[in-house]
Amino acid sequence: MDATTVICPGSFDPVTLGHIDIIQRAAKMFDKVIVAVLVNMSKQPSFTIDERISFLKTAIGDIDNVEIVGFSGLLADYAKERGAKAVVKGLRAMSDFEYEFQMALTNKKLNPELDTVFLTSDSQYMYLSSSMVKQVASLGGDISNFVPACIHAQVYERLKK
Ligand code: ADP
C-alpha cells in the first residue's frame, strides 16, 4: 500500500501542548505528517512565521515522520501538491465543531480526494488555546503547563509586558 501522508494545519501562534498531542498521535497513525504553519493569517499573529516554525521544530523536530513547513494559499491545493490524503484536526469541544465541519466540507468540495480526520482533544488540553496562552503570559501568569518546556522561557519573555 502507498504511504499515507496527512496535513496538520494551523497558525500555531504559539504551539501549545494541545497541538503537540494531536501531532504526536497523528505521527503514530500515519506514515507522514506535514505540520503546515499558516503564513497569512486573518488576524495579525503575535509571533512571526519563522518564530512559529522554530518553536515547532524545537518541540517536535526530532520526530522522524513529521515535517514542519510554512504554507500560504489554499489548503486544498497544498494537500494535492504534497500528495496528502487527509487533513488531521483536533476537536476540543462542541464549539470547535461547527467551524471545523464547514472547513472540512469546503476542502472536500475544492479537492474531492481530501478527507478530514478529527482526533478528540486529550481531556487535559480541552480548554487550551494559543490565545489563552498569550493572555495568561501577557498578565505575568505561569504558562509552563500549557506550552512545551523547551520553548517555555522564549514564549514567556516575548509575551510578558
Ligand atoms: P487555534 O484554533 O487555537 O487558534 P490553531 O489554528 O493554531 O489554533 O490550531 C490548529 C488546530 O489545532 C486547530 O484547528 C485544532 O484542530 C487543533 N488544536 C488547537 N488547540 C488544541 C487543543 N488544545 N487540543 C486539541 N487540538 C487542538
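The values are calculated or read from the model by the stated rules, or taken from the named source; none is laboratory data. What you are looking at is a predicted structure, and each value in this text was computed from that prediction instead of being measured. Here the Cβ is made from the backbone with ideal geometry for all residues, glycine too, and neighbour counts use every protein chain on show. All accessible areas refer to the heavy atoms of the entire protein, side chains included, with ligands and DNA or RNA removed. Shrake-Rupley method; radii C 1.70, N 1.55, O 1.52, S 1.80 Å.
Two-decimal Rg/Rh of region 25-75 from alpha-carbon positions, Kirkwood Rh?
Over the Cα atoms of region 25-75, Rg/Rh equals 1.00.
What ranking do 17-27, 54-64 get when scored by the average of other Cβ atoms within 10 Å per residue, highest first?
17-27, 54-64
If I take every Cα pair under 8 Å that is 6 or more residues apart in the chain, average their sequence separation and divide by the length, what percent do I get for the relative contact order?
Over the chain, the number comes to 28 percent.
Counting Lys +1, Arg +1, Asp -1, Glu -1, what net charge surrounds Glu98 among other residues with beta carbon under 14 Å of its beta carbon?
Summing Lys/Arg as +1 and Asp/Glu as -1 gives 0.
Just flag the GluC sites (Glu not before Pro) in region 94-144 sitting in loop per DSSP whose Cβ has no more than 12 other Cβ atoms within 10 Å.
Hits after loop and neighbour filter: Glu113.
Can you tell which of Ile60, Asn107, Val87 lies farthest toward the positive end of the dipole of region 1-149, using +1 and -1 charges on the Cβ of basic and acidic side chains (Lys, Arg; Asp, Glu)?
About the Cα centre, the residue reaching furthest to the positive side is Asn107.
At 1.4 Å probe size, put Cys8, Cys150 in order of accessible surface, largest to smallest.
Reading off the accessible areas and sorting them downward yields Cys150, Cys8.
Spelling out what I want: for every residue of region 117-132, take phi, set θ = phi - 60°, compute 6.51 cos²θ - 1.76 cosθ + 1.60 (Karplus), and round to whole Hz; glycine and proline get x.
Those phi angles translate into 10, 9, 9, 6, 4, 4, 4, 6, 10, 3, 9, 8, 9, 4, 5, 5 Hz.
Helix-derived [θ] at 222 nm for the chain: sum -39500 (n - 2.57) over DSSP H runs of at least 4, divide by residue count, nearest 500?
Theoretical 222 nm ellipticity from helices: -13500 deg cm²/dmol.
For Val147, enumerate residues with amide H under 5 Å from its amide H, sequence gap 5+ or separate chain, H modeled in the peptide plane.
Distant-sequence amide H within range of Val147: Leu17.
Using a probe radius of 1.4 Å on heavy atoms only, what accessible surface per residue do you get for the chain? Whole Å² is fine.
55
So which of Lys109/Lys160; Lys28/Lys134; Lys85/Lys160; Lys109/Lys134; Lys32/Lys160 end up more than 32 Å apart, counting from Cα to Cα?
Lys109/Lys160; Lys85/Lys160; Lys109/Lys134; Lys32/Lys160
Counting only protein heavy atoms, what percent of the accessible surface of the chain is carbon or sulfur at a 1.4 Å probe?
53
Can you give me the long-range amide H partners of Leu119? Hydrogens built in the peptide plane at 1.01 Å from N, cutoff under 5 Å, separation of 5 or more residues or another chain.
Lys89, Gly90, Leu91
Taking springs between alpha-carbon atoms closer than 10 angstrom, which of Phe71, Phe97, Phe12 fluctuates most in the Gaussian network model of the chain?
Fluctuation is largest for Phe97.
Relative to a virtual label point 7 Å from the Cα of Cys150 in the Cα→beta-carbon direction, which members of region 45-77 show backbone nitrogen distances below 19 Å?
50-70
Please list, in order along region 83-92, the HN-Hα scalar couplings obtained from phi with the Karplus expression 6.51 cos²θ - 1.76 cosθ + 1.60 (θ = phi - 60°), rounded to whole Hz, x for Gly and Pro.
Result, rounded to whole Hz: x, 7, 8, 8, 9, 10, 10, x, 10, 8.
Could you size up the charge dipole of the chain around its Cα centre, putting +1 on the beta carbon of Lys and Arg and -1 on that of Asp and Glu, and report it in debye to the nearest 20?
That gives the chain a dipole magnitude of about 320 debye.
For region 19-30, just list the computed ³J(HN,Hα) in residue order, Karplus coefficients 6.51, -1.76 and 1.60, θ = phi - 60°, integers in Hz, with x standing in for Gly and Pro.
4, 4, 4, 5, 5, 4, 5, 4, 5, 7, 8, 10
How would you classify the chain from its alpha-carbon gyration tensor, with a ≥ b ≥ c the square roots of the eigenvalues: rounded for a/c under 1.5, else prolate if a/b is greater than b/c, otherwise oblate?
In terms of gyration-tensor shape, prolate.
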